[in-house]
Amino acid sequence: MLANLPAVPDLHNNGLPSSDTNASLPISSVVNLDRGDTVLLESYWRKMSDECTVVIKGWEFLSYASDLRSVCWFMTPELRHAIKRLHALVGNAETHDKHIVIGNGSTQLFQASLFALSSSSSSSLSPADIPMNVVAAAPYYSGYPVETDIVRSSLYRWSGDALKYDKNEAYIEIVTSPNNPDGSIRRPMVNNKCGGEGKLIHDLAYYWPHYTPITHKANHDLMLFTFSKCTGHSGSRIGWAIVKDIEIAKKMTTFIVMNSIGVSKESQTRAAKIMKVVCDSYENFRFGSKESVELFFEYSRRLLKERWEKLREVIKQSDDFILPKFQRAYCNFTNESSETYPAFAWLMCEKDQDCTSYLDKEMKVLARSGNRFGCDPRYARINMLTRGDDFDEFLKRLSDIKDLSCQM
Ligand code: PMP
């Protein structure tokens, strides 16, 4: 029966629970670091449990509609306000004079963007019978190819690595920055000399201060963000797009209406509440309140930093793996120079041509292979936002491997 379940792009085992609730894992059990789940941040939200509780009465939210004056008429004014306030607090994106469209995760908004951009194209380079080429520089997020091609649209098709794109045809380039899987900071990569006419989608899922220094206020035509990676609430399925052109925003809204007639108001209410709690706590802090709980981005950054330092320490002792290095940069949000701590570790294996099978064979650790990201299988992606037990067990198994190879 398992084979009949739908493939879930960032969930390796089709969404079934992994062994991650087991406090001390026997060496025979598999540690699943393939999935992109975000449970690391659960400890923070447990501390904030009361502040974040939302009560919804039986009579509330019967209507599909929320605010008929807004382009995205199913978005609640509270969520719209909370999204704008959060970006104003962090300084990571310009929302002034832009339209906000929400979706069931940024996964749905990605597909809405492809629909809107490809169906609005009227140039000679994109005649109606030729689908627009969708590209991203490798290594790219493994969800993009499958999400692009799932319905075999006649409007757009996956065309692979942006660095190799050489067609004289219209294209859509996805710029993911910081990038999933390797954490790099990116700009458009298609070589425009080949004459193709390009449109851009900026996927800024990880442009938050726990992962990377906030160096500028992003101000692109179409930017995607997600509640999943911002606060860790992947299960609420809330994403938002910040869109310059009202016609594109309208088309994206149409796509979401055709797909799911909007987005759950229960989820919107919860997302708005959690964003409000984050913003209020920073505001209170600035006004001198001595909050007993650490501020959200500081807390999350500290946890990620600790994990990265532990991982780098173990990898330093090993001859088998290499991790990418990141440059420090000044963060306008924290007002200090800081490092990058990506949500994923992009491991390169020196020992084996196939990093994933090496991890699986030697340590029973599941990772996602480089070839899923349009790249060499020598690379594998490890989720850094996983549950603590799984992460500690992964480090232990990595150290054991290192000790074994020293004895030989
Ligand atoms: N974009 C990127 C770069 C991602 O890593 C992910 C999730 N792994 C998504 C989009 C999808 O996020 P959501 O949960 O909002 O659908």
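Just to verify a result, which residue in segment 303-344, among those that are among the basic types (Lys, Arg) and under 21 Å from the mean Cα position of the chain (by Cα), is surrounded by the most Cβ atoms within 10 Å (Cβ to Cβ)? Please lay out each step first, then the result.
Keep residues of segment 303-344 that are among the basic types (Lys, Arg), which gives 305, 307, 310, 312, 316, 325, 328.
Going one step further and asking which of them are under 21 Å from the mean Cα position of the chain (by Cα), we end up with 305, 307, 325.
On the way: Lys305: 14, Arg307: 20, Lys325: 8.
The selected residue is Arg307.
Just a yes or no: is a residue in segment 201-216 farther than 23 Å from Cys331 by Cα and in the same structural domain as Tyr141 (by TED's automatic domain parsing)?
Taking segment 201-216 and keeping what is farther than 23 Å from Cys331 by Cα, we get 201.
Adding the requirement that they be in the same structural domain as Tyr141 (by TED's automatic domain parsing) leaves 201.
Taking every residue of segment 201-216 in turn, at least one turns out to be farther than 23 Å from Cys331 by Cα and in the same structural domain as Tyr141 (by TED's automatic domain parsing).
Starting from residues that are in a helix (DSSP H, G or I) and of a type in the set (Phe, Trp, Tyr), keep the ones in segment 72-115 and report whichever is farthest from Ser281 (Cα to Cα). I'd like the intermediate steps shown before the answer.
Of the residues in segment 72-115, the ones in a helix (DSSP H, G or I) are 77-90, 105-115.
Subsequent filtering for residues that are of a type in the set (Phe, Trp, Tyr) retains 110, 115.
On the way: Phe110: 31, Phe115: 38 Å.
It comes out as Phe115.
Which of the residues that make up segment 125-164 are in contact with a Gly (Cβ under 7 Å, 6 or more places away or on another chain) and among the hydroxyl-bearing types (Ser, Thr, Tyr)? Walk me through how you get there before you give the answer.
Within segment 125-164, the first condition is being in contact with a Gly (Cβ under 7 Å, 6 or more places away or on another chain), and the residues that meet it are 125, 135, 138-140, 160-161.
Correct list: Tyr140 only.
Any residue that is within 14 Å of the ligand (Cβ to nearest atom), closer than 15 Å to Trp240 by Cβ and either within 20 Å of the chain's Cα centre (by Cα) or not aromatic (Phe, Trp, Tyr) (or both) - is there at least one of those in segment 76-84?
Checking segment 76-84: at least one residue is within 14 Å of the ligand (Cβ to nearest atom), closer than 15 Å to Trp240 by Cβ and either within 20 Å of the chain's Cα centre (by Cα) or not aromatic (Phe, Trp, Tyr) (or both).
Which members of segment 214-233 meet the condition of being away from the ligand (no atom under 11 Å from the Cβ) and assigned to a loop (DSSP other than H, G, I, E, B)?
Start the filter on segment 214-233 by keeping residues that are away from the ligand (no atom under 11 Å from the Cβ), which leaves 214-223, 231.
Matches in segment 214-233: Ile214, Thr215, His216, Lys217, Asn219, His220, Asp221, Thr231.
Per-residue answers, yes or no, for (1) within 12 Å of the ligand (Cβ to nearest atom); (2) at pLDDT 95 or above; (3) closer than 24 Å to His96 by Cα; (4) not in a strand (DSSP E or B):
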site: Glu147; (1), (2), (3), (4): yes, yes, no, yes
site: Glu169; (1), (2), (3), (4): no, no, no, yes
site: Ile174; (1), (2), (3), (4): yes, yes, yes, no
site: Asn179; (1), (2), (3), (4): yes, yes, no, yes
site: Gly183; (1), (2), (3), (4): yes, yes, no, yes
site: Gly196; (1), (2), (3), (4): no, no, no, yes
site: Ala205; (1), (2), (3), (4): yes, yes, yes, yes
site: Thr212; (1), (2), (3), (4): no, yes, yes, yes
site: Gly239; (1), (2), (3), (4): yes, yes, yes, no
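Condition (residue is open to solvent by 10 Å² or more (accessible area, probe 1.4 Å), more than 21 Å from Thr38 (Cβ to Cβ), assigned to a strand (DSSP E or B) and of a type in the set (Phe, Trp, Tyr)) applied to segment 376-385: is it met by at least one residue?
Taking segment 376-385 first, the residues open to solvent by 10 Å² or more (accessible area, probe 1.4 Å) are 376-379.
Checking the rest, the ones that are also more than 21 Å from Thr38 (Cβ to Cβ) come to 376-379.
From what is left, the residues that are assigned to a strand (DSSP E or B) are 379.
When the remaining residues are screened for being of a type in the set (Phe, Trp, Tyr), the result is 379.
Within segment 376-385, one or more residues are open to solvent by 10 Å² or more (accessible area, probe 1.4 Å), more than 21 Å from Thr38 (Cβ to Cβ), assigned to a strand (DSSP E or B) and of a type in the set (Phe, Trp, Tyr).
Starting from residues that are open to solvent by 20 Å² or more (accessible area, probe 1.4 Å) and touching a helix residue (DSSP H, G or I) at 6+ places or on another chain (Cβ under 7 Å), keep the ones in segment 249-259 and report whichever is farthest from the ligand (Cβ to nearest atom). Steps first, please.
Taking segment 249-259 as the starting set, the residues that turn out to be open to solvent by 20 Å² or more (accessible area, probe 1.4 Å) are 250-251, 254-255, 257-259.
Narrowing the set further to residues that are touching a helix residue (DSSP H, G or I) at 6+ places or on another chain (Cβ under 7 Å) leaves 251, 255, 259.
Numbers: Lys251: 19, Phe255: 15, Asn259: 13 Å.
Filtering segment 249-259 for residues that are open to solvent by 20 Å² or more (accessible area, probe 1.4 Å) and touching a helix residue (DSSP H, G or I) at 6+ places or on another chain (Cβ under 7 Å), the one farthest from the ligand (Cβ to nearest atom) comes out as Lys251.
Restricting to segment 270-282, give me the number of residues that are touching a residue at least 40 places away in the same chain (Cβ under 8 Å) and open to solvent by less than 40 Å² (accessible area, probe 1.4 Å).
Total meeting the criteria: 8.
Give segment 107-129 a look and list any residue that's at pLDDT below 95, open to solvent by 30 Å² or more (accessible area, probe 1.4 Å) and either closer than 30 Å to Pro377 by Cα or in contact with a Ser or Thr (Cβ under 9 Å, 6 or more places away or on another chain) (or both), or say none.
Answer for segment 107-129, where residues must be at pLDDT below 95, open to solvent by 30 Å² or more (accessible area, probe 1.4 Å) and either closer than 30 Å to Pro377 by Cα or in contact with a Ser or Thr (Cβ under 9 Å, 6 or more places away or on another chain) (or both): Ala128, Asp129.
Give me a count of the residues in segment 330-375 that are under 16 Å from Tyr206 (Cα atoms), touching a residue at least 40 places away in the same chain (Cβ under 8 Å), among the small types (Gly, Ala, Ser) and in a strand (DSSP E or B).
Total meeting the criteria: 1.
Would you call Gln327 in a loop (DSSP other than H, G, I, E, B) and farther than 21 Å from Ser399 by Cα? First the steps, then the outcome.
Working: in a loop (DSSP other than H, G, I, E, B): yes; farther than 21 Å from Ser399 by Cα: yes.
Yes: the conditions hold for Gln327.
Just to be sure before I move on: is Val151 in contact with a Cys (Cβ under 7 Å, 6 or more places away or on another chain), hydrophobic (A, V, I, L, M, F, W, C), outside any helix (DSSP H, G or I) and assigned by TED's automatic domain parsing to the domain that holds Asn219 in the structure I sent? Explain how you work it out, then say what you get.
On the way: in contact with a Cys (Cβ under 7 Å, 6 or more places away or on another chain): no; hydrophobic (A, V, I, L, M, F, W, C): yes; outside any helix (DSSP H, G or I): yes; assigned by TED's automatic domain parsing to the domain that holds Asn219: yes.
So Val151 does not fit the description; no.
The values are calculated or read from the model by the stated rules, or taken from the named source; none is laboratory data. Quick caveat, the model's predicted, so the values are computed rather than measured. Glycine also receives a Cβ, built like all others from the backbone with ideal geometry; neighbour counts cover every protein chain displayed. With ligands, DNA and RNA removed, areas are computed over all heavy atoms of the protein, side chains included. Shrake-Rupley method; radii C 1.70, N 1.55, O 1.52, S 1.80 Å.
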